[in-house]
Amino acid sequence: MTTASGSLRASGRSASMSKPVDGRSKRRRVVGVALVLVAFVLVWEGAKWLGGDPWRLHGTIAGIQVDYEHVPALKWRIADDLSLPHVWDIGRAFVDPAQRGGAPLGVVLAGQAAFTFMEALAGFALGGALGLGLGILFVHSRLAERAFVPYVVASQTVPILAIAPLVVVAIKADWLSVMAVAAYLTFFPVTIASLRGLRAVDPRAIELFRSYAATRRQILWQLRLPTSVPYLFSGFRVAAAAAVIGAIIGEQTAGVASGLGSAIINYNQYYISAPERLWATIVMCTLVGFVFVGGVNLAERLLTRGRYRPVAGMV
């Protein structure tokens, strides 16, 4: 009883200590991301300070009249206002009207981002299911693995810009074409991750299951799939980013006017007069990718909370 109570107290102390550690790690991640963003802005504006176009700041900031001009000592084409707008100009583009008398550009891009996100999510689901199915097939059939894995790898050597028009012509449906293109980029990382994860099982565990006359299906559901979960989520994170890219490219190829792909084409046509709008669209595309990958990370934490961490006192 003394030993049991001591172990309970020790486990309670370890559980209470894990929360502050997790809190500190989260704060460190937030601070790290903030520092990276600040450094990125400083490098961006520093390049314009050294080799961009002349700076002219006129107006009132926090009640203070600002009248400032700066002529950079160097001249870099990559740092001029056309190639590299100021960060504050890109931020202002989000609140400026997308059209005369219309809604702000940020609101319009948010709606287009939601549409692209849904298409990417559908392609992610289709490609993920296909990749997991192929991984299960290859694990249980060496013949299928030797026959099809080279073609699976070779499929990723073909540029997506060459595949997308073929998919659009073959399917002849806007959002289905976009979903198929996103699935094409999604299934490969899931296939490789599932193949590796399903084979990461301890051979002794498989022998133990077989000694109890477990079937292949029982070994798959009760042993292989639970073991492969960390590998699968690693593949899902890569696939989530690829799905967003596939959805944007698919929208441009299929001519879908409701997503970010059409926004990129639209604002690229007016880049000379308003380059910050295209950069704002690129920022929105990046945010969609971050949200998608962040959703996969959140799902992993909810489904595997503490399940794959070593237990205190057992290591």
Exception for Thr157 within (1) among the hydroxyl-bearing types (Ser, Thr, Tyr); (2) part of a helix (DSSP H, G or I); (3) open to solvent by 40 Å² or more (accessible area, probe 1.4 Å) falls at (2)
Those residues of segment 250-296 which are open to solvent by less than 30 Å² (accessible area, probe 1.4 Å), assigned to a helix (DSSP H, G or I) and out of contact with any Asp or Glu (no Cβ under 8 Å at 6 or more places or on another chain) amount to Ala263, Tyr267, Leu278, Ala280, Thr281, Met284, Cys285, Val288, Gly289, Phe292, Val296
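Residue-by-condition table, conditions (1) out of contact with any strand residue (DSSP E or B) (no Cβ under 9 Å at 6 or more places or on another chain); (2) at pLDDT below 95; (3) within 25 Å of Leu137 (Cβ to Cβ):
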| residue | (1), (2), (3) |
| --- | --- |
| Leu198 | yes, yes, yes |
| Ala213 | yes, yes, yes |
| Leu225 | yes, yes, yes |
| Ser234 | yes, yes, yes |
| Ala243 | yes, no, yes |
| Ala263 | yes, yes, no |
| Tyr270 | yes, yes, no |
| Leu298 | yes, yes, no |
Here the residues within segment 137-166 that are touching a Ser or Thr at 6+ places or on another chain (Cβ under 7 Å) and either modelled with pLDDT of 95 or more or of a type in the set (A, V, I, L, M, F, W, C) (or both) are Val152, Ala164
If we ask which residues in segment 160-169 are of a type in the set (Gly, Ala, Ser) and either surrounded by 14 or more Cβ atoms within 10 Å (Cβ to Cβ) or in contact with a helix residue (DSSP H, G or I) (Cβ under 6 Å, 6 or more places away or on another chain) (or both), their number turns out to be 1
Is it true that Arg146 is in a helix (DSSP H, G or I) and open to solvent by 50 Å² or more (accessible area, probe 1.4 Å)? yes
Report task. State whether the residues of segment 212-226 include one that is free of Cβ contacts under 8 Å to residues at least 12 places away in the same chain and open to solvent by less than 40 Å² (accessible area, probe 1.4 Å). Result -> yes
Restricting attention to segment 63-72, the residues that are open to solvent by 100 Å² or more (accessible area, probe 1.4 Å) and in a loop (DSSP other than H, G, I, E, B) number exactly 1
Scanning segment 118-143 for residues that are closer than 30 Å to Gly255 by Cβ and crowded, with 22+ Cβ neighbours inside 10 Å gives Glu119, Ala120, Gly123, Phe124, Gly127, Gly128, Gly131
Checked Gly111, Gly102 against criteria (part of a helix (DSSP H, G or I) and not β-branched (Val, Ile, Thr)); the one match is Gly111
Scanning segment 212-257 for residues that are within 17 Å of the chain's Cα centre (by Cα) and on the phi > 0 side of the Ramachandran plot gives none
For Ser83, the lone unmet condition from (1) open to solvent by 30 Å² or more (accessible area, probe 1.4 Å); (2) touching a residue at least 40 places away in the same chain (Cβ under 8 Å); (3) in a helix (DSSP H, G or I); (4) not charged (D, E, K, R) is (3)
Of those in segment 170-208 that are in contact (Cβ under 8 Å) with a residue 40 or more places away in the chain and farther than 19 Å from Phe124 by Cβ, the residue most open to solvent (accessible area, probe 1.4 Å) is Arg199
Out of curiosity, is Val71 closer than 30 Å to Leu185 by Cα, β-branched (Val, Ile, Thr) and out of contact with any strand residue (DSSP E or B) (no Cβ under 6 Å at 6 or more places or on another chain)? no
Conditions (1) surrounded by 15 or more Cβ atoms within 10 Å (Cβ to Cβ); (2) in contact with a Leu (Cβ under 6 Å, 6 or more places away or on another chain) -> Ile245 fails only (2)
| Is segment 86-93 home to any residue that is assigned to a loop (DSSP other than H, G, I, E, B), surrounded by 10 or more Cβ atoms within 10 Å (Cβ to Cβ), under 28 Å from the mean Cα position of the chain (by Cα) and not β-branched (Val, Ile, Thr)? | yes
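The values are calculated or read from the model by the stated rules, or taken from the named source; none is laboratory data. All values reported here derive from a predicted model rather than from experimental measurement. Cβ atoms come from the backbone with ideal geometry, glycine included; neighbour counts cover every protein chain shown. To get the accessible areas, we keep the full protein, side chains included, count just its heavy atoms, and leave off ligands, DNA and RNA. Shrake-Rupley method; radii C 1.70, N 1.55, O 1.52, S 1.80 Å.
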